[in-house]
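The next block holds one structure in the form of structure tokens; read it before the comments.
Derivation of every value follows stated rules applied to the coordinates shown; laboratory data play no part. What you see is a predicted model; the values in this text were computed from it and never measured. Neighbour counts are summed over all protein chains in view; Cβ atoms, including those assigned to glycine, are modelled from backbone coordinates with ideal geometry.
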Amino acid sequence: MNAVVEEHHDHDHKPTGIGRWLFSTNHKDIGSMYLWFAFTMFFIGGALALLIRAELFQPGMQIVEPEFFNQLTTLHGLIMVFGVIMPAFVGLANWQLPMMIGAPDMALPRMNNWSFWLLPAAFGLLLASLVMSIMGLGSAPNFGWTFYAPLSTTYGPDSTDYFIFSVHLMGISSVMGAINVIATIMNLRAPGMTYMKMPIFVWTWFITAYLLIAVMPVLAGVVTMMLTDRNFGTSFFDAAGGGDPVMFQHVFWFFGHPEVYIMILPAFGIVSSIVPTFSRKPLFGYSSMVYATASIAFLSFIVWAHHMFTVGMPVAGELFFMYSTMLIAIPTGVKVFNWISTMWRGALTFETPMLFAIAFIFLFTMGGFTGLMLCIAPADFQYHDTYFVVAHFHYVLVTGAAFSIMAAVYFWLPKWTGNMYDEKLGKLHFWLTCISANVLFFPMHFVGLAGMPRRIPDYALQFAEFNQIASVGAFVFGFSQLIFLYVVIKCVRGGEKATDKVWEGAHGLEFDLPSPAPFHSYTTPPVVK
Amino acid sequence: MSTASHGEYYIPEPSKWPIVGTVALTTSVIGAVNTIHAGEMSLLLPVGLLMIAYLFFGWFGSVIDESMAGKYSAQVDKSFRLGMMWFIFSEVMFFAAFFGALFYARVLSVPWLGGAGNNAATHEFLWPAFEAVWPLLSNPDNTKIVAPAEAMGAMGLPAINTAILLTSSVTLTWAHHALRAGNRLHLNLGLGITVLLGCIFLVLQVEEYIHAYNELGLTMSSGIYGSTFFLLTGFHGFHVTMGTTMLLVILIRCLKGHFTADNHFGFEAVAWYWHFVDVVWLGLYIFVYWL
């Protein structure tokens, strides 16, 4: 993609003071706020995970009460899903989309800022309940991140109602963010950039935005039903009035499964940007990547009940959801094949982003394979609610989604700051993270297959060794992220100057801009040939 | 291919409204929870709602000012259109959640409680006296959840309301045609009648709720029938309220001479919203009242 760029540096005035952030209409500033918010929540959610792993270091009750353990698993899940992975991807979208399509900003900049600021408010509400719980004033949400009825309705603590509205705020934020992404991509592409010339990261976010618009309102609906069941006497999830607690699971997972892909499609886009750059080859099978992403998004709407095989569905339902789930392996396989074919006979180098991307391809695929095991309904009766499931989704979300976010930060940070990050420290961070993540999550497969249930603070003696290994991995993993924080701060503050192109094999409009990119990316549209 | 000939892009100046909006929503939701928990009005709730009103007036006010000042290019107009279109789609999905709950209850969970499929044991061991007939005039556990004495019929008020909403869509389209033809009198007349019909619909809906509570014994807490009935019609009624308010604002703007024959996105956005509310009602009328 060649572009004729006209730069207008006279437009490059930045507002100053706190107002720059509070009242921002700038995609880069808002993107930075999203990313720092996600990073902060990553450490908070990570601290909760370390408490969980400390408790599980040996059998018996050591550190926390079982009631508090439930709150830890619940908040860890909610924070990591809604407070880390999703905002980090939105932050990346904010930074990258306008630059990649040759636009000056997002299409609706004020709404963009509102989307962001609702998140600290929502998580303020949620974390307040945790602080209250630690101070002994009632319980934080304790029903798991999936908040199944009746745990969250009949038996939920008082803070559940704050949790419900917190989810509403997150939902409003996500829907507005998604509308913005769609309007930006549909309306602000540079002349000549047809849909099938868009960078693949733009494509994956485009499709992700549709998933968000389609399912976040359903989540809002289901928490609203919870609210009325709890406080206004409705019986959506109460069989005594003709409702059904299983209905909660259906509506929740109709949101929940597309949500899973909301957390991985942008990761596919990131890996599809990084692998060609460091292979010095164009992406293999661009159009099949687009179609595969769209197929995965479509399938995500018709597989939800594979989360509920043991709930007592009719056999026809079990079979339908089993087979439809297996279908997902096909487009996902296409993607993995394309990444590997991109690397095939390329002139590969292994800078930190590439290392994370390759680790992603291998480890995410492992998470995909365990997903295939879980989708076999009769086998799932054995795996359901064990640590095998925990291992599965941590492979796709930590070594998958989180690794891709780290890769993206290393990949684009020089473009954002104008400085190269410390490659030595970056590599150290990668190797520590990659090894410790496997020490942490791999043993969970074994204890899970052997029958250790998830979300329980105690376990049978025979699981002790593997749990100890996992806990050691967890602490190494957690503290390794401080290196990441240090590398990012160091890079923001200075370092070797990055070239405009940053990477030898880089392509795309964002790499035609100077480093650091000007405050308003493209004030007049470039022409894409 | 996006627009071929855009010149300079338009980017709004830094704005306080997103922060006002965040504070307003947060205050409102904390107020709402405190009100629910205490059983009496928490001051935060009305304060929050007032702030939301201030937000709407202020934010939309400044957008209207910018629009009247001619700051918006065709491209900005298209961004707004896309924004409104996909916002309405998100609303469709919100209603889909409640329609999904209705269909799940009617097609699956209620028949299962009555022993359908392989659920004979469920029926036998839980509530053997329960008969699965929609609408539920007898709940599985009538001691815990009191069933309504009578169901809401499709004739009478609901049928009149259907006619009112359908008519209002026609009058709105009439106003739109008048706007495009430059006939301001018919524009104002058509819009005025639409607002009036919206208000009549809301009055009749309140009437219907009073009837349901007082004479039919049909309440939110009378089982899954009442739950789906009130949540679906209630959220629809809330959307009609919003739509009527939006139409009223557009009417005032029209009376002030805003909008031209070929530049009236504000009008169209509200019209789209109103037609969406209309279509939802048709779904409600068929599946909640009629079938």
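Across the range B:213-226, computed HN-Hα scalar couplings (Karplus, 6.51 cos²θ - 1.76 cosθ + 1.60, θ = phi - 60°) run 5, 7, 9, 8, x, 8, 10, 4, 9, 9, x, 5, 5, x Hz from first to last residue, x flagging Gly and Pro.
For residue A:235, the residues whose modelled amide H falls within less than 5 Å of its own, excluding neighbours fewer than 5 places apart on the same chain, are B:223, B:227. Within the shell defined by Cβ-Cβ distances under 12 Å, the residues around residue B:272 carry a net charge of -2, with Lys and Arg each +1 and Asp and Glu each -1. Spatially, the range B:118-173 and the range B:65-79 are offset by 47 Å when compared through their Cα centroids. Working note: 222 nm ellipticity from helices only, DSSP H runs with n ≥ 4, each -39,500 (n - 2.57), summed and divided by the residues of chain A, gives -21500 deg cm²/dmol to the nearest 500. Applying both filters, DSSP loop and at most 14 other Cβ atoms within 10 Å, to the chymotrypsin sites (Phe, Trp or Tyr not before Pro) of the range B:149-247 eliminates every site. The charge dipole of chain B, taken about its Cα centre with unit charges on the Cβ atoms of Lys, Arg (+1), Asp and Glu (-1) only, comes to about 600 debye. Model label points for residue B:144 and residue B:173, set 7 angstrom from Cα along the Cα-to-Cβ axis, are 4.9 nm apart.
The charge dipole of the protein assembly as shown, taken about its Cα centre with unit charges on the Cβ atoms of Lys, Arg (+1), Asp and Glu (-1) only, comes to about 1860 debye. Of all aspartates and glutamates in the structure, those lying under 20 Å Cα to Cα from residue A:424, and not within fewer than 8 positions of it along the same chain, are A:351, A:496, A:504. Applying the Karplus relation 6.51 cos²θ - 1.76 cosθ + 1.60 with θ = phi - 60° to the range A:435-441 yields 3J(HN,Hα) values of 5, 5, 4, 6, 4, 6, 9 Hz, where x marks Gly and Pro.
For the range A:454-529, a crude dipole built from +1 on the beta carbon of Lys and Arg and -1 on the beta carbon of Asp and Glu, taken about the Cα centre, is about 140 debye to the nearest 20. Between the helical axis of A:265-279 and the longest alpha-carbon principal axis of chain A there is an angle of about 40 degrees.
Close amide H contacts of residue A:386 (hydrogens built in the peptide plane, cut-off under 5 Å, sequence separation of 5 or more or a different chain): A:454.
Take the Cβ atoms of residue A:427 and residue A:36, set R0 to 25 Å, and the FRET efficiency comes out at 0.60.
Modelled spin-label separation between residue B:160 and residue B:126, with each label point placed 7 Å from Cα along the Cα-to-Cβ direction: 3.9 nm.
The loop-placed GluC sites (Glu not before Pro) in the range B:24-104, going by DSSP, that have at most 11 neighbouring Cβ atoms within 10 Å of their Cβ come out as B:40.
Close amide-amide hydrogen proximity is noted between residue A:419 and A:498, each under 5 Å apart and 5 or more residues distant or on a separate chain (H modeled in the peptide plane; Pro and chain starts excluded).
Return one number: the angle in degrees, 0 to 90 and rounded to the nearest 10, between the long axis of the Cα atoms of helix A:66-78 and the longest principal axis of the Cα atoms of chain A. Taking Cα atoms only, the helix is inclined about 30 degrees.
Compared with the dominant Cα axis of chain A, that is its longest principal axis, helix A:352-375 is turned about 30°. The Cα atoms of the range B:15-71 cover 50, 15, 11 Å along the three principal axes, with the biggest extent listed first. With each label modelled as a point 7 angstrom along the Cα→C-beta vector, the residue B:242-residue A:154 pair spans 3.4 nm.
The Kirkwood radius of the range B:74-290, taken over pairs of alpha-carbon atoms, gives through the Stokes-Einstein law at 37 °C and 0.692 mPa s a diffusion coefficient of 170 µm² s⁻¹. Within the listed set B:130, B:259, B:276, the Gaussian network model of chain B (springs between alpha-carbon atoms below 10 Å) gives the highest mean-square fluctuation for B:130.
Here the translational diffusion coefficient of the protein assembly as shown follows from Stokes-Einstein with Rh set to the Kirkwood radius across Cα pairs; for 4 °C and 1.567 mPa s it amounts to 46 µm²/s.
Taking the centroid of alpha carbons for each part, the range B:191-209 and the range A:403-439 are 60 Å apart. Of interest is the spacing of the C-alpha centroids, which for the range A:134-155 and the range A:252-298 amounts to 34 Å. Taken over the C-alpha atoms, the range A:133-214 has Rg and Dmax values of 19.4, 61 angstrom. Only helices enter this figure: runs of n ≥ 4 DSSP H residues, each worth -39500 (n - 2.57), summed and divided by the residues of chain B, yield -23000 deg cm²/dmol at 222 nm to the nearest 500. Using a Förster radius of 25 Å, what is the FRET efficiency between residue A:345 and residue A:288 based on their Cβ-Cβ separation? Nearest 0.05, please. Efficiency, from the Cβ-Cβ distance: 0.85.
State, as an integer percentage, the relative contact order of chain B based on alpha-carbon contacts under 8 Å between residues 6 or more apart. The normalised contact order for chain B reaches 16 percent.
With neighbour counts taken as other beta-carbon atoms within 10 Å, the residues A:427, B:78 rank, fewest first, as A:427, B:78. Taking GluC sites (Glu not before Pro) as exposed when their DSSP state is a loop state and no more than 13 other Cβ atoms lie within 10 Å, the longest site-free interval of chain A runs over A:7-495. Find the relative contact order for the range B:139-270 and round it to a whole percent, using C-alpha pairs within less than 8 Å whose residues are 6+ positions apart. Relative CO of the range B:139-270 lands at 30 percent.
With the convex hull drawn over the C-alpha atoms of the range B:9-152, the volume per residue is 201 Å³.
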